[in-house]
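All remarks here apply to the structure that follows.
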Amino acid sequence: MKRIVFLIFLVAFSQCKSGETNPSPTSNNKIAIVIHGGAGTILKENLTPELEQEYKKKLEEAVRTGYKILQNGGSSLDAVEKTIRVLEDSPLFNAGKGAVFTNQGKNELDASIMDGKSLKAGAIAGVTTVKNPITLARTVMEKSEHVLLAREGAEFFAAQNGLELVDPSYFYVENRYQSLLRAKEKEKIELDHDDKAEFYDPTIKDSKYGTVGCVALDKNGNIAAGTSTGGMTNKKWGRIGDAPIIGAGTYANNSTCGVSATGWGEFFIRNVVAYDIAALMDYKKKTLEKASQEVIQKKLTQLGGTGGIIALDKKGTIVMEFNTPGMYRAAIDSNGKLTLGIYKENE
Ligand code: ASP
């Protein structure tokens, strides 16, 4: 009898120690992770074999970072944050170092993160000195009573919480600056040839994407999702995209799925893309695959939006759905199998 009481005590103690006092009823001990590094006109003929290898190497490093955390029993939130930090620190992607430039020649960063267990979320927009925006988004979620902070206020909050701040020049990458110059040149030519210049900047559509995102499922059945970006080249007027908008660029709910999006943000906001996928699963009992196809290939495409999503459900199903020629992506499934992809065909 004493032994049984001791055993019960031991089990209860180990649960408390892991910080998981209320394990999710959906827990099946499966872990899985999926990431993206942006969608867009990514064509094989435009990437040298060396650059292709560089992207693949960084994607693999990032996805393995998160997977290791999950394997060691870490939380999906930790996996998402640490994985995205690897991508933010790489100049290859449009997030953190390597972010695209605004019309004013600045780098303004947006990010968000969501916890599928508690439905808590944190997001930041338009920051210019925070080295890792995803960590700031998580800090907003955990250390403030708000969901979305922007610009100076967000920077002040970052400093108050001891986050690493950098000089704005840290984010500068030459080819991103050249993209801005090209976008402005193109815009000028278009404006010169059309007095009915549209209010909406047409060059924005052709700008390079490259947002990063991650969705993870941990051993306790908890799903988390996060997204980080510099937005779109030549963005103006303090423009903020879908990445820091919960429900548009990022969403997570243990009972349905986690989603991170990339693409032409305005369309993702108007279609409430990430939440719509979860809602189709919830209300219409669609599978993650069917819900993602419907939202990306039908609803988003019909409205003229371009881009894609990565997503995971509680069973560990991985989806990488996009309507562009390519999307940088990687995943490790619940059997430990790694997938890396760039173009439409999986290669
Ligand atoms: N969705 C991002 C934005 O509109 C851009 C991207 O994903 O490349 O800000």
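For the stretch 133-144, give me each residue that is in contact (Cβ under 8 Å) with a residue 24 or more places away in the chain and more than 18 Å from Gly241 (Cα to Cα). Selection gives Thr135, Arg138, Thr139, Met141. Residues of the stretch 290-319 that are closer than 13 Å to Ala274 by Cα and surrounded by fewer than 24 Cβ atoms within 10 Å (Cβ to Cβ): Gln293, Glu294, Lys299. Out of Val173, Val147, Val166, one residue alone is touching a residue at least 24 places away in the same chain (Cβ under 8 Å) and within 25 Å of Ala278 (Cα to Cα). It is Val147. Being buried (at least 22 other Cβ atoms within 10 Å of the Cβ), farther than 23 Å from Ile269 by Cα and touching a strand residue (DSSP E or B) at 6+ places or on another chain (Cβ under 7 Å) holds for only one residue in Ala62, Ala111, Ala99, and it is Ala62.
Could you grab me the full set of residues in the stretch 226-254 that are of a type in the set (A, V, I, L, M, F, W, C) and either open to solvent by less than 30 Å² (accessible area, probe 1.4 Å) or near the ligand (Cβ under 10 Å from one of its atoms) (or both)?
First pass over the stretch 226-254, keeping only residues of a type in the set (A, V, I, L, M, F, W, C): 232, 237, 240, 243, 245-246, 248, 252.
If the condition is that a residue be of a type in the set (A, V, I, L, M, F, W, C) and either open to solvent by less than 30 Å² (accessible area, probe 1.4 Å) or near the ligand (Cβ under 10 Å from one of its atoms) (or both), then Met232, Ile240, Ala243, Ile245, Ala248, Ala252 are the ones that fit.
For the stretch 122-132, the criterion of being away from the ligand (no atom under 16 Å from the Cβ), open to solvent by 50 Å² or more (accessible area, probe 1.4 Å) and more than 19 Å from the chain's Cα centre (by Cα) is met by no residue.
For the stretch 91-111: of the residues being polar (S, T, N, Q) and more than 19 Å from Ala137 (Cα to Cα), which is farthest from the chain's Cα centre (by Cα)? The qualifying residue farthest from the chain's Cα centre (by Cα) is Gln104. If you take the residues in the stretch 133-157 that are among the β-branched types (Val, Ile, Thr) and part of a helix (DSSP H, G or I), which one is surrounded by the most Cβ atoms within 10 Å (Cβ to Cβ)? Among those that are among the β-branched types (Val, Ile, Thr) and part of a helix (DSSP H, G or I), it is Ile134.
Cβ-Cβ contacts under 9 Å between residues 6 or more apart (or on different chains), taken from a first residue in the stretch 245-266 that is in a loop (DSSP other than H, G, I, E, B) to a second residue that is basic (Lys, Arg) and within 14 Å of the ligand (Cβ to nearest atom), are listed as Ala248/Arg270; Trp264/Lys205.
Within the set Tyr209, Tyr275, Tyr200, the sole residue that is at pLDDT below 95, under 21 Å from Gly305 (Cα atoms) and within 18 Å of the chain's Cα centre (by Cα) turns out to be Tyr209. Exactly one residue among Ile318, Ile269 is over 14 Å from the mean Cα position of the chain (by Cα) and away from the ligand (no atom under 11 Å from the Cβ), and that residue is Ile318.
Can Met281 be described as within 18 Å of Gly213 (Cα to Cα) and of a type outside the set (D, E, K, R)? Answer is no for this residue.
Take the stretch 64-94 and flag every residue that is in contact with a Leu (Cβ under 7 Å, 6 or more places away or on another chain) and assigned to a helix (DSSP H, G or I). Across the stretch 64-94, the qualifying residues are Ser76, Ala79.
Among residues that are within 29 Å of Leu136 (Cα to Cα), more than 10 Å from the ligand (Cβ to nearest atom), modelled with pLDDT of 95 or more and surrounded by 23 or more Cβ atoms within 10 Å (Cβ to Cβ), Val259 is included.
The values are calculated or read from the model by the stated rules, or taken from the named source; none is laboratory data. From a predicted model like this one, the values you see are computed outputs, not experimental measurements. So basically every Cβ, Gly included, is an ideal-geometry build from the backbone, and we count neighbours across all protein chains shown. In case anyone asks, the SASA skips ligands and DNA or RNA and just uses the protein heavy atoms, side chains included. Shrake-Rupley method; radii C 1.70, N 1.55, O 1.52, S 1.80 Å.
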